[in-house]
Amino acid sequence: MNGKRNRIKKKKTGKNRSTRVSFTPRKSRFPKTAIMIAMLFLIGFLFLLSASPYIFKSSKYQTIGHQILDIEKRGGFFVNNSHYLHLDNLIDKMIENIMIKLSLDKNLTHAKAIKQLQQTDFPENEAEAILEAINKTLVDSNFVHQKTQLLSLTLTGRKLDTDIQNIVNGIKNTLQISVENIDVASYTRGSAREEFVKTFLKENKNILGYLSQHINDDFYFTDCYNTTVIYLSIADVLNLPLYSVHIPNHSFLRWYIDEANYLNWEATKGKRSNDYSYTILSGIKLSDSAVKNGVYFRKLNRSENFGTRYILMGNVMIQTAEMQNSDKKVNYYNKALQYFNKALAANPNFSVVKNNIGIAYELLGNAMLKKERRRITTEYYDPAIDSYKEALSAFPRNQDIRRNVESLKEKLRE
């Protein structure tokens, strides 16, 4: 072999002369740069797969919480795999704490523990122990109470508000101090901020000591609706007789020991409660028509819980609209109206949502009035008044609904 290319000489007889057959390799159809890019992409993909526990993985459980994340995702809210996996991890931790609380065999696998718990009818003391274990999991996982409305926001970690950090740091050596005696005004800027911080401290007064020890951690902000959903999620996995119950502007839990007996659980405080305390909180008597007609103080089924989610999503749309220009407001108000109608379809007994529908129609009318004055009354304000009146007929003592009716009537007279 010689020369620049590898050649093999081949002798032939007859008239044919010697020929040379070249074995020079053909150029690859794929440039080297393309191959290198593909390899780098593959390496990057494998790195992401190994680096994050939340990427490219499916949920371990399928519960009402996972379904509500699906609803929020379809509604255009930011929901990704990390939210589903976070909920899965919470459920696993709850099962571990329940096993400890009930003194189950620590060598049981999760699968066997779940099967054993699913097949058990718990007496009242063990039911309360399970609820305490769930609450402990949330506290140990840095859940604090603050209005969020969306479950996806609840499952997204954030730092504590700067003013709240300063207050907790300022009182950490005297945590026996009453929240009511804290000089919140000296830490905040303006009355609105002061009210926000006071509400947070009041709702989390039992865990201020814990907050002071984890001040730089990420926290998960939750409210009565989203905390209730998390409890219902573990109930789905373990087949627990646990249900959500609604009163005006609040949701709590009810565990049915049997058909006639139950215990109420206030998820935002992690302790038992009773019907009387909720009548005081809501101003609703158990003899009121709203209770007799099944609007309040009864356990909700799955579809009705989805209805609650649609109300919260509609409220978020209205709040978001207030930060938009006039052109975009209309789109958000229309989305809110769609969600409120879905809520009513999911829970026809929840007639108070007609007040929300009235608000959405009125806001749509206000937004459209700046563009055109024709047909505004018949297309938006008339349906708003009709919705307000329907809500008022179901809740004649509700002064907020009554004010909505009178305010819109006054607007029409102008």
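Below, the figures for the structure above:
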item: The listed residue being of a type in the set (Val, Ile, Thr), farther than 29 Å from residue 247 by Cα and either exposed (fewer than 13 other Cβ atoms within 10 Å of the Cβ) or without any contact (Cβ under 8 Å) to a residue 24 or more places away in the chain (or both), out of 215, 167, 182; result: 182
item: Top-ranked residue in the range 71-85 [being of a type in the set (D, E, K, R) and touching a helix residue (DSSP H, G or I) at 6+ places or on another chain (Cβ under 9 Å); ranked as nearest to residue 320 (Cα to Cα)]; result: 72
item: Any chance residue 335 is modelled with pLDDT of 95 or more, over 17 Å from residue 404 (Cα atoms) and not hydrophobic (A, V, I, L, M, F, W, C); result: yes
item: Set 351, 326: member being at pLDDT below 95, out of contact with any Lys or Arg (no Cβ under 9 Å at 6 or more places or on another chain) and among the small types (Gly, Ala, Ser); result: 351
item: Output for the range 183-216, where each listed residue is touching an Asp or Glu at 6+ places or on another chain (Cβ under 6 Å) and part of a helix (DSSP H, G or I); result: 184, 185, 197
item: Residue match in the range 341-356 (condition: out of contact with any strand residue (DSSP E or B) (no Cβ under 9 Å at 6 or more places or on another chain) and without any contact (Cβ under 8 Å) to a residue 24 or more places away in the chain); result: yes
item: Output for the range 333-355, where each listed residue is of a type outside the set (A, V, I, L, M, F, W, C), out of contact with any Leu (no Cβ under 9 Å at 6 or more places or on another chain) and not in a loop (DSSP other than H, G, I, E, B); result: 335, 338, 341, 342
item: Complete set of residues in the range 272-330 that are free of Cβ contacts under 8 Å to residues at least 12 places away in the same chain, surrounded by 13 or more Cβ atoms within 10 Å (Cβ to Cβ) and of a type in the set (Lys, Arg); result: 328
item: Condition met for residue 387 (crowded, with 19+ Cβ neighbours inside 10 Å, out of contact with any His (no Cβ under 9 Å at 6 or more places or on another chain) and without any contact (Cβ under 8 Å) to a residue 40 or more places away in the chain); result: yes
item: Qualifying residues in the range 234-271 (those that are free of Cβ contacts under 8 Å to residues at least 60 places away in the same chain and part of a loop (DSSP other than H, G, I, E, B)) - the one farthest from residue 66 (Cα to Cα); result: 260
item: Condition check for residue 256: more than 22 Å from the chain's Cα centre (by Cα) and modelled with pLDDT of 95 or more; result: yes
item: Checklist (1) surrounded by 13 or more Cβ atoms within 10 Å (Cβ to Cβ); (2) at pLDDT below 90; (3) within 30 Å of residue 317 (Cα to Cα) applied to residue 66, failing item; result: (2)
item: Scan of the range 101-156 for residues that are in contact with a helix residue (DSSP H, G or I) (Cβ under 9 Å, 6 or more places away or on another chain), among the hydroxyl-bearing types (Ser, Thr, Tyr) and in a loop (DSSP other than H, G, I, E, B), ordered by number; result: 120, 141, 148, 156
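The values are calculated or read from the model by the stated rules, or taken from the named source; none is laboratory data. Since the model is a prediction, treat every value here as computed from it, not as a measurement. For neighbour counting, all protein chains shown are included, and Cβ atoms are generated from backbone atoms with ideal geometry for every residue, glycine included.
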